[in-house]
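See structure below.
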Amino acid sequence: MGRMDDIIRHCNGKLGNYSINGRTKAMVACYPGNGAGYVKHVDNPNQDGRCLTCIYYLNKNWNPKEHGGVLRIFPEGKPYVADIQPLFDRLLVFWSDRRNPHEVQPSFSTRYAITVWYFDSDERAQAKKRFRDLTASSAQESSS
């Protein structure tokens with residue numbers, strides 16, 4: 001995690017208007033290898049503050065033809081996809097928003113990955129404010 005933080009810290013200020021100010025806790029995913037995958041989705045479709053998705057793969061001796069488990073990214077507005085093999089010691093970084101819908105294709109061997117999302121300070125603050133406003137409004141309605 002320290003190395004991942006170092007890489008993102010090095011990139012901070014070089015990511016357009018984004019200003020990274022924190023991250024989520026690590027999420028460890030284990031696909032059991034019985035054809036399990038994950039449907040096409042966007043990590044941050046509603047501007048919750050996550051701007052970068054970082055995935056670190058832990059799969060030694062991975063053979064994508066035999067084991068599957070490829071991460072397929074569908075770059076917004078592009079006529080092609082990007083297939084990323086979940087190879088051991090590979091770090092993948094991509095935008096968390098609608099620019100990069102992605103899926104995990106069926107995995108036929110146990111597949112491990114650690115995912116962390118990094119926050120843009122402004123978008124995260126706005127998301128927290130929306131949440132506070134929503135919960136305050138709901139509390140008012142409940143007490144009425």
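One table, with the values for the structure above:
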| read-out | value |
| --- | --- |
| Reported label for calculated mean projected area of the Cα convex hull in nm² given (i) 10.0; (ii) 10.9; (iii) 9.3 | (ii) |
| Under 5 Å, built H, 5+ apart or other chain: amide partners of GLN47 | none |
| Surface accessible to a 1.4 Å probe, ASP97 within the full protein complex, Å² | 40 Å² |
| Under 5 Å, built H, 5+ apart or other chain: amide partners of ARG23 | PHE119 |
| Within the chain, helix-based [θ] at 222 nm, where runs of 4 or more DSSP H residues each add -39,500 (n - 2.57), nearest 500 | -8000 deg cm²/dmol |
| Whichever lysines have a C-alpha closer than 21 Å to that of LYS65, once near sequence neighbours (fewer than 8 apart) are set aside | LYS40 |
| Amide H contacts of LEU52 (H built 1.01 Å from N, under 5 Å, at least 5 apart or other chain) | SER96, TYR118 |
| In sequence order, calculated HN-Hα J values of the stretch 36-50 (Karplus, 6.51, -1.76, 1.60; Hz; x Gly/Pro) | 5, x, 9, 5, 4, 7, 10, 5, 10, x, 10, 6, 8, x, 6 |
| Nearest 10 degrees, 0 to 90: helix 2-11 Cα axis against the chain principal axis | 70 degrees |
| Cβ-placed point charges (K, R +1; D, E -1), dipole of the chain about Cα centre in debye, nearest 20 | 180 debye |
| Selection from LEU58, SER121, VAL70, by position along the positive dipole direction of the chain (Cβ) | LEU58 |
| Helix axis angle, 121-143 relative to the chain longest principal axis, alpha carbon, degrees | 60 degrees |
| Candidate aspartates and glutamates for bridging to LYS14, where Cα separation is under 18 Å - those fewer than 8 sequence places away on the same chain excluded | ASP5, ASP6, ASP97, ASP120, ASP122, GLU123 |
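The values are calculated or read from the model by the stated rules, or taken from the named source; none is laboratory data. Predicted, not measured: the structure shown is a model, and the values here were computed from it. Counting neighbours? That spans all protein chains shown, and the Cβs are built from the backbone with ideal geometry, glycine included. These accessible areas exclude ligands, DNA and RNA; they are computed on the full protein's heavy atoms, side chains included. Shrake-Rupley method; radii C 1.70, N 1.55, O 1.52, S 1.80 Å.
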